[in-house]
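Enquirer: Can you read through this structure? Questions will come right after.
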Amino acid sequence: MPGRLPTESDFASTIKLSITPPPSSQQPTNILILLHGLGDTNVSFKKLGQQLSLPETACIAVQAPMPLPFDLGGFHWGDDMIFDQNTGEMDVDTGFKTSTIIILDSIIREGLIRKCGYKSREIMIFGFAQGGMVGLQAAAELEGEELGGVVSVGGALSLSLPLKALDKRSKTPVLVCKASKGSAVSDSAVSKLKDAFEFVEIKEWKRNADGMPSNREEMLPIMQFFARRLRSTRGVPAGSVELT
């Protein structure tokens with residue numbers, strides 16, 4: 001039996017999220033979880049899900065659990081808040097234990113798999129910067145199963161990733177998009193990704209800093225990754241079995 005379209009009541013009331021159904025009343029064969037970057041909210045990623053309009057795919061834009069200080073208005077995924085004394089900027093990597101529990105346990109295992117009937121292979125994650133770090137950590141900590149895939153734009157694995165997650169490489173395929181200059185995804189970060197995941201694809205964009213895809217050329221590898229990993233029931237005869 002395919003999974004059903006999730007509703008907000010399938011998830012803990014403490015988690016703020018928005019759900020976008022598949023286009024034109026299609027069956028929600030897949031789920032794409034969207035995780036925004038530091039200082040943002042789920043609103044912009046709800047719009048992203050609507051713009052992507054992926055076939056047979058429901059999008060869930062999740063808001064990070066921790067508000068920024070000083071009434072700045074945005075949210076962050078970190079366990080702590082540390083500011084660089086030289087630049088005044090927030091440290092992006094302060095551990096993601098709380099956020100990983102929210103994504104992996106509350107949303108994926110409890111909500112999507114147990115309540116809505118999805119298999120882990122039918123669930124994908126797209127995250128930007130700090131949101132990408134959370135998506136990668138959730139996939140790395142999912143023991144014995146694989147997600148449909150993780151796309152991380154400008155986000156690497158956290159330095160606080162539990163060593164247990166590196167015991168056995170995850171089968172979840174990963175696409176990481178990074179800037180050719182000034183990226184938060186360093187060469188050592190790429191090495192760590194390859195220690196944690198069996199299938200890692202790195203796409204380097206010709207730009208000076210990480211950011212969301214801004215043109216067709218940057219978006220193309222992401223859409224190709226979705227095309228390879230999203231499942232489809234349209235045009236498949238009833239009773240047939242997909243081979244993987």
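Enquirer: Rounding to the nearest 10 and keeping the result within 0 to 90°, find how far the Cα-based axis of helix 130-141 lies from the longest principal axis of the chain.
Expert: 60
Enquirer: Continuing with this model, one more query. If you rank Glu8, Glu201 by fewest surrounding Cβ atoms within 10 Å, what's the result?
Expert: Exposure proxy ranking, most exposed first: Glu8, Glu201.
Enquirer: Among all the aspartates and glutamates, which ones have a C-alpha under 14 Å from Lys206's C-alpha, if same-chain residues fewer than 8 places away are not counted?
Expert: Result set, ordered by chain and number: Glu217, Glu218.
Enquirer: Counting just the Cα atoms, what span does the stretch 23-100 cover along each of its three principal axes? Round to the nearest Å and put the largest first.
Expert: 50, 23, 18
Enquirer: Here's something else I'd like to know. With a ≥ b ≥ c the root eigenvalues of the C-alpha gyration tensor of the stretch 8-229, is it rounded (a/c under 1.5), prolate (a/b larger than b/c) or oblate? Please report the intermediate quantities before stating the final value.
Expert: Numbers: a/c = 1.27, a/b = 1.18, b/c = 1.07.
Judged from the Cα gyration tensor, the stretch 8-229 comes out rounded (a/c under 1.5).
Enquirer: Also, quick follow-up: What's the local net charge at Val134, with K and R +1, D and E -1, over the other residues with C-beta under 12 Å away?
Expert: That works out to -2.
Enquirer: Show me 191-197, 61-67, 149-155, 19-25 ranked by packing, highest mean number of other Cβ atoms within 10 Å first.
Expert: 149-155, 61-67, 191-197, 19-25
Enquirer: While we're on this one: Any idea what the relative contact order of the chain is, in percent, if you count C-alpha pairs under 8 Å spaced at least 6 apart?
Expert: Reported relative contact order: 16 percent.
Enquirer: Also, I was wondering about something else. In percent, what relative contact order does the stretch 135-211 have, based on Cα pairs under 8 Å that are 6 or more apart in sequence?
Expert: Taking the mean separation of contacting Cα pairs over the length of the stretch 135-211, I get 34 percent.
Enquirer: Measure nothing fancy, just the Cα-based angle from helix 216-229's long axis to the longest principal axis of the chain, in degrees from 0 to 90, nearest 10.
Expert: 50
Read the figures in this text as sums done on the coordinates, not as results from a lab. The shown structure was predicted, so the numbers you read here are calculated from the model rather than taken from an experiment. Neighbour counts are summed over all protein chains in view; Cβ atoms, including those assigned to glycine, are modelled from backbone coordinates with ideal geometry.
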